[in-house]
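*Asks:* Structure provided below as structure tokens; questions to follow.
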Amino acid sequence: MGRIETTSVPEQLPVTFLKQARLAHSTKTAVEANLASLNVIHGDMDKLAPKVRNYVEENAMICQPSAIHICDGSETENTSLLKMLEKEGVIKPLSKYENCWLAKTDPADVARVESKTFISTPKKRDTIPTPKDGVKGTLGNWMSPEKLQNSLNDRFPGCMKGRTMYVIPFSMGPVGSPLSKIGVQCTDSAYVVASMRVMTRMGQKVLDTLGNGDFINALHSVGQPLPMAKPPVNNWPCNPEKTIVAHIPENNEICSFGSGYGGNSLLGKKCFALRLGSIIARDEGWLAEHMLILGITNPQGQKKYVAAAFPSACGKTNLAMMNPSLPGWKVECVGDDIAWMRFDDEGRLRAINPEAGFFGVAPGTSDSTNPNAMKTVRSNTIFTNVAETSDGGFFWEGMENEVDPNSKITSWLGEENWKAGGKPAAHPNSRFCTPAAQCPIMDPLWEDAKGVPIDAIIFGGRRPKGVPLVYEAFNWRHGVFMGAAMRSESTAAAEHKGKVIMHDPFAMRPFFGYNFGDYLKHWLSMEQKPNRHLPKIFHVNWFRKGDDNKFMWPGFGENVRVLDWICRRVNNDDCGKDSAIGIIPKTDAINLDGLTDSVDMDAIFNLPKDFWQQEVKEIRKYFDEQVNVDLPDEIDNQLNGLRERVKKM
Ligand code: OXD
Ligand code: MN
């Protein structure tokens, strides 16, 4: 702890956008004077490695916080930050549980803002494919370095005035694992610090491991210097008009302004682990994916690991923590959102979960849909935008049968004595932020530095019509095509409205760090290296609806029946047959023993020719319009192959 000494402007650093922003706005003497007046209220700048210290000083010079707090990640630090947040009215305790807290945001800051999320590279085509003339691209947003420079100049200088800047050294992946990567996030939100402590490994041990090595530069501000012109809504400062979430791959840099929520502010998650992560992965020959990882053991004790990509809010967390309905089966969780995967020296694909917590969508989670998540969140959890009960508990849609009927519910919007029928009690994108280690079914290898060996990759989405319960790719290339052609009903995790079937290739549409055409080439290149055991690729759909508009498949723990078939296919069991779209289960190959719901298996595997002809057309239109000349020939061939097979159906 101590005062920052006046230091010279660190000219030896690579020039970051922010540094340019600072230079554009202040004279050297002025910024040095600012630095000299700063208090370091926690930690010791002199003990930081030069690269970290330079980054912190640079950010302090630009953002001009009134104090700097270098996070050590300790319990004591966490407790005092939570107390401070409580005092400021940002969070309140949920007294029914141990160390659980509720934050309510400004209703204008409730989700990721895809339209304000940008990647800035000198060449646009490095970031996004060029859409067909007259078509608006939907595969990411690019901003020119010049425009981004102006946007940052307009926002960051002085943005932390009156606030404390917290310095969070964090590791994505177990500290010290060769598959892990380190970042340093500077933020003016203590809520973000408390959440990052759950979602990542953070603090002194990360600094010790990093030494003077390189790290991802992550700067975040709620964008409301003090005093604020208007008091914050719900004590949640944010600046929605000026929100921007920017990635500068050249500098390994993230700059996020104006939002305190989830993926916009917990910069290790989507910004680092997926967007910048996918670029690093391409350059280093591995894969950074929006996938859960689970281990599944059959009654004979044979264990396999699978990674599965579903768009946001399609039940990834539920699947990752499933209680299988079939006797003798066991599912164990490695991760629920992100997988970093690379082939090892023996040619096996190994995956780690770079996160340390779950930032799960609360509504729909219940003792019946995900009892393991419900057990996980009963301590040390930060809830955001859920409803509260008069006995100090949490409540959200889906918990109707699990709440004390005598308790009164206050909605996330503060409506007391809330009753069902009007606005939802919890925001549809309300979240729990909870430590993974508390989940009762974490896999024994979930923090293994080598990662777990992946046998199967599963793609999926919410498809009310035409898409069968499960099918398998004919080979790797066909599997890559299946990922590219993924579509799903839209979700509450982002700012989209209404239920439309959206293309969401690899469930990565909001998270690609670079041109999707190049991303496909990268995936295709995985089979070009010798001696690789390529995992088999599957597509699942738990959400097909019948003519009565009801789900045809019971889902949840019953999904183990599909995983069982997948495991048998991985063992090359003869339980599949070719169809136009891929390999589907032979009649009676899905184990339905003990299933109480009656399921029309013929209907759930029915492949309507008109539907698939239309699907081929939609995919063709999407590829032509959105990926255009960047579409690899192989993916084009795969689509033509599907079209020809569908013709013969
Ligand atoms: C998430 C998302 O929060 O995908 O995980 O939006
Ligand atoms: Mn996600």
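The values are calculated or read from the model by the stated rules, or taken from the named source; none is laboratory data. All figures in this text were calculated on a predicted structure; none of them were measured in a lab. All Cβ positions, glycine included, derive from the backbone under ideal geometry; neighbour counts span all protein chains shown. Just the protein is used for accessible areas: all its heavy atoms, side chains included, with ligands, DNA and RNA removed. Shrake-Rupley method; radii C 1.70, N 1.55, O 1.52, S 1.80 Å.
*Asks:* Quick one: Cα centre-to-centre distance for region 95-138 and region 607-649, in angstrom?
*Replies:* 29
*Asks:* Just from its helices, what would the mean residue ellipticity at 222 nm be for the chain, if runs of 4 or more DSSP H residues each count -39500 (n - 2.57) and the sum is divided by every residue, rounded to the nearest 500 deg cm²/dmol?
*Replies:* After summing the helix terms and dividing by the residues of the chain, the value is -7000 deg cm²/dmol.
*Asks:* How far is helix 145-155 tilted off the main Cα axis of the chain, in degrees rounded to 10, range 0 to 90?
*Replies:* Around 60 degrees separate the two axes.
*Asks:* Let me ask another. What whole-number value in Å² describes the accessible area per residue of the chain for a 1.4 Å probe?
*Replies:* 38
*Asks:* If the only charges are +1 at each Lys and Arg Cβ and -1 at each Asp and Glu Cβ, what is the size of the charge dipole of the chain around the Cα centre, to the nearest 20 debye?
*Replies:* The calculated dipole for the chain is roughly 920 debye.
*Asks:* May I ask you to derive the relative contact order of region 304-439, considering only C-alpha pairs under 8 Å and at least 6 residues apart, and to give it as an integer percent?
*Replies:* 25
*Asks:* With a 1.4 Å probe and every protein chain kept in, tell me what percent of the accessible surface of the chain is carbon plus sulfur.
*Replies:* Result for the chain: 49 percent of the exposed heavy-atom area is carbon or sulfur.
*Asks:* Restricting to the chain, what percent of DSSP beta bridges are antiparallel, rounded to 5?
*Replies:* 65
*Asks:* Under 8 Å for C-alpha pairs, at least 6 residues apart: give me the relative contact order for region 365-484, rounded to a whole percent.
*Replies:* 24
*Asks:* Moving to a separate point now. How high is the relative contact order of region 87-177, in percent, with contacts defined as C-alpha pairs under 8 Å that are six or more residues apart?
*Replies:* So the answer I get is 17 percent.
*Asks:* Can I ask one more? Using only Cα atoms, find the angle between the long axis of helix 516-525 and the longest principal axis of the chain, and express it within 0 to 90 degrees, rounded to the nearest 10.
*Replies:* 60
*Asks:* If you look for lysine pairs in region 187-305 that are eight or more places apart or on different chains, how many of them have Cα atoms under 30 Å apart?
*Replies:* Count of close lysine pairs: 9.
*Asks:* Another question, then. Work from the charge dipole of the chain (Cβ charges, +1 for Lys and Arg, -1 for Asp and Glu, about the Cα centre) and give the residue of Gly466, Trp142, Val306 farthest towards its positive end.
*Replies:* Trp142
*Asks:* List the trypsin sites (Lys or Arg not before Pro) within region 578-649 that fall in a DSSP loop (any state other than H, G, I, E or B) and whose Cβ has at most 15 other Cβ atoms within 10 Å.
*Replies:* Sites meeting the loop and neighbour criteria: Lys586, Lys648.
*Asks:* Oh, and also: Please list the non-local residues whose amide H lies under 5 Å from the amide H of Val599, H modeled 1.01 Å from N, same-chain partners needing a gap of 5 or more.
*Replies:* Correct list: empty.
*Asks:* If you take every DSSP beta bridge whose two residues both sit in region 94-227, what share of them, in percent to the nearest 5, is antiparallel?
*Replies:* 60
*Asks:* Same structure, new question: Between the DSSP loop rule and a limit of at most 13 other Cβ atoms within 10 Å, which trypsin sites (Lys or Arg not before Pro) in region 508-561 are left?
*Replies:* Here the sparse-neighbourhood loop sites are Lys550.
*Asks:* At a 1.4 Å probe radius, which order do Ser259, Ser525 fall into by accessible area, largest first?
*Replies:* Heavy-atom accessible area, descending, gives Ser525, Ser259.
*Asks:* Please return the longest range in the chain lying between exposed loop sites, taking GluC sites (Glu not before Pro), DSSP loop only, at most 14 other beta-carbon atoms within 10 Å, and leaving the sites out.
*Replies:* The longest such stretch corresponds to 89-345.
*Asks:* Shifting gears a bit: Going through region 347-395, which trypsin sites (Lys or Arg not before Pro) have at most 13 other Cβ atoms within 10 Å and a DSSP loop state?
*Replies:* For trypsin sites (Lys or Arg not before Pro) across region 347-395 that sit outside H, G, I, E and B with at most 13 neighbouring Cβ atoms in 10 Å, the list is empty.
*Asks:* For helix 190-199, report the angle its Cα long axis makes with the longest principal axis of the Cα atoms of the chain; keep it between 0 and 90° and round to the nearest 10°.
*Replies:* For 190-199 against the chain, the angle is about 40 degrees.
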